[in-house]
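The structure appears right after this line, and notes come after that.
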Amino acid sequence: MKKGISLLSCPHHIGVVVPDLNAAMNAYISALGIKFSVFEVDETNSVFSGSSDAFRLRIGFGTLGPSAMELIQPVSGETIHSRFLSERGGGIHHLGFLVSGFSKVKKQLEHFSY
């Protein structure tokens with residue numbers, strides 16, 4: 001049995017791709033009482049691998065205990081998020097971790113084929 005990845009702690013955030021940011025926020029507000037801050041990103045302030053020249057995302061970010069929830073709604077253009085939504089529907093897209101010693105963590109993740 002392989003030893004687990006020891007350099008990761010509690011996730012900083014859970015990234016969830018959603019087709020409708022307002023509906024998703026309302027559901028999480030009702031169920032969990034999460035309060036969200038909403039902002040937009042586009043090609044002028046963000047870069048995503050494989051994105052089209054122009055894109056826009058709406059993002060809701062809210063705290064959930066020691067972690068946070070990031071709801072991501074693709075609005076226009078092509079991004080990893082819009083492809084995820086069209087291929088799989090909404091759902092958990094990624095877990096974000098804060099780490100110290102990035103190179104060491106990267107090496108350990110590569111050892112486990114991540």
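The table below lists the values:
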item: Enumeration of residues in the range 67-78 that are at pLDDT 95 or above and polar (S, T, N, Q); result: Q73, S76
item: Tally of residues being surrounded by 16 or more Cβ atoms within 10 Å (Cβ to Cβ) and acidic (D, E) across the range 47-88; result: 2
item: Cβ-Cβ under 6 Å pairs, at least 6 apart or on other chains, the range 18-34 side in contact (Cβ under 8 Å) with a residue 12 or more places away in the chain, far side assigned to a loop (DSSP other than H, G, I, E, B); result: V18/G90; P19/G90; A24/V18; Y28/I34
item: Residue count, the range 68-85 (criterion: assigned to a strand (DSSP E or B) and either farther than 12 Å from V41 by Cα or over 10 Å from the mean Cα position of the chain (by Cα) (or both)); result: 8
item: Single match in L64, L32, L7, L21 (criterion: aliphatic (A, V, I, L, M), at pLDDT below 95 and over 28 Å from K106 (Cα atoms)); result: L32
item: S46 being in contact with a strand residue (DSSP E or B) (Cβ under 9 Å, 6 or more places away or on another chain) and part of a loop (DSSP other than H, G, I, E, B); result: yes
item: Which listed residue is modelled with pLDDT of 95 or more and surrounded by fewer than 17 Cβ atoms within 10 Å (Cβ to Cβ), from G15, G91, G101; result: G91
item: Of all residues making up the range 49-61, the number that are farther than 16 Å from D20 by Cβ and part of a strand (DSSP E or B); result: 1
item: Selected residue [among the polar types (S, T, N, Q) and under 18 Å from L85 (Cα atoms)] from S52, S46; result: S52
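The values are calculated or read from the model by the stated rules, or taken from the named source; none is laboratory data. Keep in mind it's a predicted model, so treat the numbers as computed, not measured. Every residue, glycine among them, receives a Cβ derived from its backbone with ideal geometry; neighbour counts consider all protein chains shown.
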